[in-house]
Each structure stands twice: as structure tokens, then as C-alpha cells.
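The values are calculated or read from the model by the stated rules, or taken from the named source; none is laboratory data. These numbers come from a predicted model, not from an experiment. Glycine also receives a Cβ, built like all others from the backbone with ideal geometry; neighbour counts cover every protein chain displayed. All accessible areas refer to the heavy atoms of the entire protein, side chains included, with ligands and DNA or RNA removed. Shrake-Rupley method; radii C 1.70, N 1.55, O 1.52, S 1.80 Å.
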Amino acid sequence: MPTPSQPPNTTAAPHQALVLGIETSCDETAAAVVARASDGSGRILANVVRAQWEEHMSYGGVVPEIAARAHVECLDQIIAEAMAEAGVAFGDLDAVAVTAGPGLIGGLLVGALTAKAIALVHGLDLIAVNHLEAHALTVGLTDGLRPPYLLLLVSGGHTQLLIVRDVGRYQRLGSTIDDALGEAFDKTAKLLGLGFPGGPAVEAAAARGRAGRFQLPRPMLGRPEAHFSFAGLKTAVRHLALSLVPLRDQDIADLCAEFEAAVADSVIDRVGRAMALTEAIEGPGRTRHLVLAGGVAANARLRTALADVARRWGYQLKVPPPQLCTDNAAMVAWAGAERLARGLTDGLDFEVRARWPLDPDAPAALGAGKHGAKA
Ligand code: KG4
Ligand code: ZN
């Protein structure tokens, strides 16, 4: 109801598709309701996320079985909260979108079974969403940005550079040949006793430290492909830390600052390479936006470095707000809405997938495969 101070809205709202999104692929249980208008703009009506950090903290990483159980215990409640916050009933929805992969199978099954049941009971369309596509398209919801753009996806499970051409059309330019970047942050934090998740802890420690006191390698610098590698950097941190035992707070802070500097140098070199490859593939000036997605996008040092490299290449850097960079269901609902608008729906018989590359035809990066979905 309009309040007395607001004139009533007399223009007819464009037809909206209302989509419930569900995300359970890793250690966040999330549900969201998103509206997509016929002009292609999007609006978040509710976005509820429950992180499972406490359940996994004492293990220093995500334990798949514990994650799946935690999803079972709270998904219904999270969906109910999202529906109440959005003020809609199941009957008002047009579709249910759920992450069907890549991710941990137990968690994916919990989300998929729930989504199938809701779709069946309420006669809704069903969309099996690729989690990577959800990250890749988020900027359409937050900034109205349409493809083509270059995407750097950096999370605990993924490190990839992709040209996003359209919904369902991606070209992978590079990926990690070993650890994902978020994983390198998490393992560094664990090694230095900083807790889990490691990214924010390493960033906070680095803010009190000085890069340059120690020397860490800059992996893959100058290599012609746009791949990444972080396992060697992690090992170098371990050797350095062992040589300094017992570690003082200032040692940890300086180590973290040098780690962040090494990461930033390596990532901007790889992104510069991807920009050169993009120009060669697409033609100069065709792709003008660099989009950053995934949990590591929250890192301020990395964002500053990427804004610099983007400027140098004549690109504009776009980063969705932090709560939409880390895993959430609004991005899943939005990817579902984009698919629904193109008539791309799925049957009740779809299967979840631990591995599901966005660009299945891309040649494997050296060493890829060992780490499944990461590459
Ligand atoms: O996208 P996300 O929420 O979940 C995955 O799909 O993995 O990303 C989580 C990752 C974790 O590895 C976490 O340590 C990292 O993102 N991360 C950060 C920061 N905040 C979260 N890494 C570096 N700096 C941060 N401020
Ligand atoms: Zn993710």
C-alpha cells in the first residue's frame, strides 16, 4: 500500500517472473526470491544465507558429510524465511531454480530434491542451475550489465577466467592447475593458526603487516596461457613459516602482507594475459568490462590491483556487492530467471553433478582433473 506521502504508482509494472532460488552446493544453505521484469531488469525480494562456519571450523575446512547434514536440518526453514521476507506464497512463483552442480554431491542432492518437490507440488517450472553460471551472471542482476564481458571467478572452489558471451555461452581462457585461490588463502590461514574461513583472517593480518620483508614467489608470471597456480606459493609460505618458528604476531602479519602482494602480482599478470587473449579472439575494443566474482572478490588488495590493470587495458571493473560475491541463492534465482526467459527449463529427472564445467569443450589445463570442479 502506498503511504500518504507517496503518490500511487500509475504506470503498469512490466510482467515479472518470480523465481525461488536454492543453493546448497558447499557450506552455505541459502534461499532467495528474485523478480525479473520483461525488460530484463532484476530485483531481489529476499536473500537468506546461513553459513556453516561453526560446524566446519574445528576441521579447518569443509567436511562434505557434515555439510550435507546441516543442509537437511535447516533448508526448509531458510526457504520459509525467504518466502516470508519476500511476502509471496509458493503459488505466486513462476519457477524454482536450484544449484545442480558443480559441488559436493550430498549437499546438491538435498537442494535438488527439495526444489523438485516444491516444483511438483505447486506446478512450477524447474531450472537446474550451474553454480558457476550463477556467479557469472550476477552482475546482470546487480548492475544490469549484459555480455560480452571478461569474468574472473575466484572462490574457495574455483579459479577461472572466462569470456561470458551469453547465457549458456562461455569460453574459458584459463583456470588453476592446482589449488583454487580461496583455498590458498584458507590453507595459509590454517598454517599460520588464523582460523577458518581464511581469506578475511589473512586480509586482516596483512593490514597490520608490511610486504617486502619476506620474499614469496609470483606464480606463473609471464606465462603465455592465462592459467593460475597457487600450490607452490602455499608451500613457500610453509617453508618460510617453519624457518621463523616461533612466529611472532608481526611475523604473521608481514607474511600475510607478502602473501597478498604475491597473489595480487600473479593474478593481475594472468588477467592482463586474458585481456590480450580476449582482444585476439574477439577483436580489439569488443569486450570492455572485467567482472570479478566469488568469495575472494571481497579482498580489497586484489580489487585495487584489478582496478589498476583494468584501467591500463581500457576496461571497467565491475564487482557485485560482497554478499552477492560469496555463495548465495539470489544469484541462483537470477540465473534461473534468465534461463526461464529463454525457455530453458529442466525436467524432474535432472541429475546433480559434482563436476560441471561451463565450457566443456575447453582443453584441460595442465594438471586439471585432479581437483575436479576447481579447474
Ligand atoms: O564463493 P565462496 O563464498 O564459496 C565458494 O564457492 O568457495 O568463497 C569462499 C572463499 C573462501 O576460500 C574464503 O577464504 C575466501 O572466499 N574469501 C576471501 C575473503 N573473503 C572470503 N579471500 C580473500 N580475502 C577475503 N577478504
Ligand atoms: Zn561459489
Could you check how many residues of the range 151-176 are at pLDDT 95 or above, closer than 28 Å to Leu45 by Cα and crowded, with 24+ Cβ neighbours inside 10 Å? 5
Name the residue that is nearest to Ala354 (Cα to Cα), counting only residues in the range 113-130 that are open to solvent by less than 10 Å² (accessible area, probe 1.4 Å) and part of a helix (DSSP H, G or I). Ala115
Given the condition out of contact with any helix residue (DSSP H, G or I) (no Cβ under 8 Å at 6 or more places or on another chain) and within 16 Å of ligand 2 (Cβ to nearest atom), answer yes or no: does some residue in the range 290-311 qualify? no
Which members of the range 146-201 meet the condition of being within 10 Å of ligand 1 (Cβ to nearest atom) and of a type in the set (A, V, I, L, M)? Leu153, Val154, Ala180, Leu181, Ala184, Ala189, Ala201
Tell me, yes or no, whether the range 92-102 has at least one residue that is in the same structural domain as Ala119 (by TED's automatic domain parsing) and surrounded by fewer than 16 Cβ atoms within 10 Å (Cβ to Cβ). yes
For the range 125-173, which residues satisfy the criterion of being within 13 Å of ligand 2 (Cβ to nearest atom), over 10 Å from Met331 (Cβ atoms) and β-branched (Val, Ile, Thr)? Val154, Thr159
Please find, among Thr138, Thr142, the residue that is in a helix (DSSP H, G or I), polar (S, T, N, Q) and open to solvent by less than 30 Å² (accessible area, probe 1.4 Å). Thr138
Cβ contacts < 9 Å: first residue outside the structural domain of Tyr170 (by TED's automatic domain parsing) and away from ligand 1 (no atom under 16 Å from the Cβ), restricted to the range 279-294; second residue open to solvent by 10 Å² or more (accessible area, probe 1.4 Å) and of a type in the set (S, T, N, Q), any location; separation 6+ or different chain. Result? none
Failed condition for Gln215, given (1) over 27 Å from Gly174 (Cβ atoms); (2) open to solvent by 60 Å² or more (accessible area, probe 1.4 Å), with all others met? (1)
Quick one: how many residues across the range 197-246 are more than 16 Å from ligand 2 (Cβ to nearest atom) and in a loop (DSSP other than H, G, I, E, B)? 24
Total residues in the range 192-202, condition over 12 Å from Gly61 (Cβ atoms) and over 18 Å from the mean Cα position of the chain (by Cα): 5
Identify, please: which residue in the range 55-79 is at pLDDT below 75 and closer than 19 Å to Ile105 by Cα and is, among those, least open to solvent (accessible area, probe 1.4 Å)? His56
Expected single match for surrounded by fewer than 22 Cβ atoms within 10 Å (Cβ to Cβ) and either over 22 Å from the mean Cα position of the chain (by Cα) or not charged (D, E, K, R) (or both) among Ala293, Ala257, Ala280 is Ala280
Single match in Leu75, Leu108 (criterion: under 17 Å from the mean Cα position of the chain (by Cα), outside any loop (DSSP other than H, G, I, E, B), over 22 Å from Pro322 (Cα atoms) and assigned by TED's automatic domain parsing to the domain that holds Thr29): Leu108
